[in-house]
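The values are calculated or read from the model by the stated rules, or taken from the named source; none is laboratory data. This one's a predicted model, so the numbers in the text were calculated from it and none came from an experiment. Neighbour counts run over all protein chains shown; Cβ positions are idealised from the backbone, glycine included. Just so you know, the surface numbers come from the protein's heavy atoms only, side chains and all, with ligands and any DNA or RNA stripped out. Shrake-Rupley method; radii C 1.70, N 1.55, O 1.52, S 1.80 Å.
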Amino acid sequence: MSETFTSVAQEEAGFRDRARLSFDLDADICVIGAGLAGLSIALEAARLGASVAVLEGRHIGWNASGNQLGTVMPGFALPLTDLIERIGFEDARELWAMSKEGAEFVRANATEANMPGIGPSDGVLEVSNVDAGDRLISRLQMLHEDFDTEVEGWQVDRVREALKTDRYFHGVYYPQAFQVDGRKYVHGLAALARRAGARIFEDTPVVSIDHSGIRKRIVTPSARLRATHIVLAGNIHLGAPLRRLSETLLPVWRYAGITAPLGERLHEIIAFKGSVMDSDGVDHFRIVDGDRLMWESPETTWAARPQRFAGSVRRRIRSIFPELGHVEITDMFGGATGQTVHGMPQIGQLRKGLWVASGFGRQGMNTSAMAGQLIARSILWGDERWKLFSPFELVWAGGATGRVAGQLVGIWGRASSAAAGSLARYRERARIKDRAREARLAEANRAAGTGPRRPPPGVRPRPAPPPKPAAAEVEPASHDGGVSQ
Ligand SMILES: Cc1cc2nc3c(=O)[nH]c(=O)nc-3n(C[C@H](O)[C@H](O)[C@H](O)COP(=O)(O)OP(=O)(O)OC[C@H]3O[C@@H](n4cnc5c(N)ncnc54)[C@H](O)[C@@H]3O)c2cc1C
């Protein structure tokens, strides 16, 4: 720390040219891919004393890792209940704890001293699109008591005080989840890895590997590399080095936009400072640069120019927060995430010295950091905890047919979530109307004094109640019979 006052991110941004591998090289570990996963592994392994070379076909953070929102949560893209169902309670607890360690790895590295402008801030709110307060309570208990995670349950009123929309119901607040400037983080990570001794070569695609011997061979267009370990961290673009591996991932492109400054009205409508995500995994947003809204929502299973989705982001913002009126989108970005069939990342050793770290889906910040720790510590310390991922085998994602099917499943999932959300809002409106009707009825009864209860005009009289029992413990008359559910 003391050798220079220059921050690592400044080093990364200003003081270097992109280096391509143009000479043959030997290393302990060769990492393919300089996204979040590859760089996390390189950083951890270099810190533990290994010689590491990272080979990146384009440039650092070229894909999803350099185009993401920087929200850091515990857990995985796969919902916790599904995880427990799949591998049992005890193993799920261990995996969850490791995912929290991943988040702490990010927190420890993403400091202002290391990465100026990275802007860490605490607190993430997960909001429910349906009115499921009872489910919320059991989820809170489980997270808090069984998974040792600090959470707070927010009632509908509190959520709507923070977010002026009737789209959301209850919320789970994670005070220890946080966010950073996601687009800066990957470059900060590269700078830290370099500082720890890792060598990163860009414009250096790996075209083939020979992983059969003890010393493995890696071929690039202009040089060769030999290493004892290869880590495949190329996500969906890995291609030629191990095409079958790429085919176990369903590529899903996600897009996000940033609005023009929206002024004070933005804070009146969105009073929550951290990231907000809905429980269906459709919308994900937060305020940036004082009064702009950063919003992630559309997704496709084919590559497209992010600019094409500006209109769809704008419409989405308008449908959730109509009071914001027309907003202008000034910047769009996006990237391809690799989704596995089972929803969990692929982390582990495929054969001796050949490792994989991919399939992080839409939750890659903490999970790729966790992969970095697990793989580096296994190679250098013999830590075998990555084996907890063994139940999640490499399953073929179906090639081109799988992508089309994936898109249909995605559309179906979103449509049924939207239907559930509309139904919840319809029920809520019905309850409000019913309460108003009951209040009018009560008022009319009061006005009628002690005389016989006569319904106000337009209200159909109720059938006569059954004869009262003789005993004194009779319940007070209730008016809850007509609530539509
Ligand atoms: C819009 C958007 C918002 C997101 N927001 C969040 C968020 O807020 N929080 C969160 O946790 N996650 C988020 N994610 C998900 C997260 O960005 C990804 O899970 C993560 O970046 C995946 O990292 P990766 O290193 O596996 O893959 P990538 O980022 O795809 O990196 C892989 C790299 O490998 C290189 N490569 C591939 N093949 C080769 C080869 N043969 N030779 C050399 N190099 C190769 C590629 O060029 C690429 O640079 C978001 C994603 C998107 C798209």
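Listing for the model above:
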read-out	value
Criterion: open to solvent by less than 10 Å² (accessible area, probe 1.4 Å) and either in contact with a Cys (Cβ under 7 Å, 6 or more places away or on another chain) or not assigned by TED's automatic domain parsing to the domain that holds Gly281 (or both) - qualifying residue of Leu192, Leu143, Leu95	Leu95
Qualifying positions in the range 226-243 - free of Cβ contacts under 8 Å to residues at least 60 places away in the same chain and part of a helix (DSSP H, G or I)	Ala240, Leu242, Arg243
Cβ-Cβ under 7 Å pairs, at least 6 apart or on other chains, the range 263-284 side touching a residue at least 12 places away in the same chain (Cβ under 8 Å), far side assigned to a strand (DSSP E or B) and open to solvent by 50 Å² or more (accessible area, probe 1.4 Å)	Gly274/Asp122
Qualifying residue in the range 47-55 (condition: in a helix (DSSP H, G or I) and within 14 Å of the ligand (Cβ to nearest atom))	no
The range 187-225 - residue that is of a type in the set (A, V, I, L, M) and in a loop (DSSP other than H, G, I, E, B) and, of those, nearest to Leu43 (Cα to Cα)	Ala198
Filter result for the condition that a residue is away from the ligand (no atom under 15 Å from the Cβ), within 20 Å of the chain's Cα centre (by Cα) and small (Gly, Ala, Ser), over Gly171, Gly182	Gly171
Residue match in the range 62-75 (condition: open to solvent by less than 10 Å² (accessible area, probe 1.4 Å) and more than 16 Å from the ligand (Cβ to nearest atom))	no
Failed condition for Asp203, given (1) away from the ligand (no atom under 11 Å from the Cβ); (2) touching a Lys or Arg at 6+ places or on another chain (Cβ under 7 Å)	(1)
Residue match in the range 300-307 (condition: under 21 Å from Ser275 (Cα atoms), more than 16 Å from the chain's Cα centre (by Cα), open to solvent by 20 Å² or more (accessible area, probe 1.4 Å) and basic (Lys, Arg))	no
Flag for Arg286 being among the basic types (Lys, Arg), crowded, with 18+ Cβ neighbours inside 10 Å and closer than 30 Å to Gly343 by Cβ	yes
From the options Ile269, Ile287, Ile236, residue that is touching a strand residue (DSSP E or B) at 6+ places or on another chain (Cβ under 7 Å) and more than 9 Å from the ligand (Cβ to nearest atom)	Ile287
Breaking point among (1) away from the ligand (no atom under 15 Å from the Cβ); (2) more than 21 Å from Thr367 (Cβ to Cβ); (3) crowded, with 21+ Cβ neighbours inside 10 Å, for Asp134	(3)
Residue in the range 275-289 that is more than 18 Å from the chain's Cα centre (by Cα), assigned by TED's automatic domain parsing to the domain that holds Val327 and more than 23 Å from Glu56 (Cβ to Cβ) present	yes
Where Val327 falls short, out of the listed (1) open to solvent by less than 20 Å² (accessible area, probe 1.4 Å); (2) touching a Pro at 6+ places or on another chain (Cβ under 9 Å); (3) in a loop (DSSP other than H, G, I, E, B)	(2)
Test for Met98: is it more than 10 Å from the ligand (Cβ to nearest atom) and not acidic (Asp, Glu)	yes
Verdict on Phe333 being within 22 Å of Gly182 (Cα to Cα) and either out of contact with any Pro (no Cβ under 8 Å at 6 or more places or on another chain) or open to solvent by 20 Å² or more (accessible area, probe 1.4 Å) (or both)	no
Unique match (being of a type in the set (A, V, I, L, M), assigned by TED's automatic domain parsing to the domain that holds Ala162 and in contact (Cβ under 8 Å) with a residue 12 or more places away in the chain) among Leu136, Leu69	Leu136
Residues (open to solvent by less than 20 Å² (accessible area, probe 1.4 Å) and within 8 Å of the ligand (Cβ to nearest atom)) located in the range 336-378	Ala336, Thr337, Gly338, Ala357, Ser358, Gly359, Gly361, Gly364, Met365, Asn366, Thr367, Ser368
Test: His326 is without any contact (Cβ under 8 Å) to a residue 24 or more places away in the chain and more than 10 Å from the ligand (Cβ to nearest atom)	yes
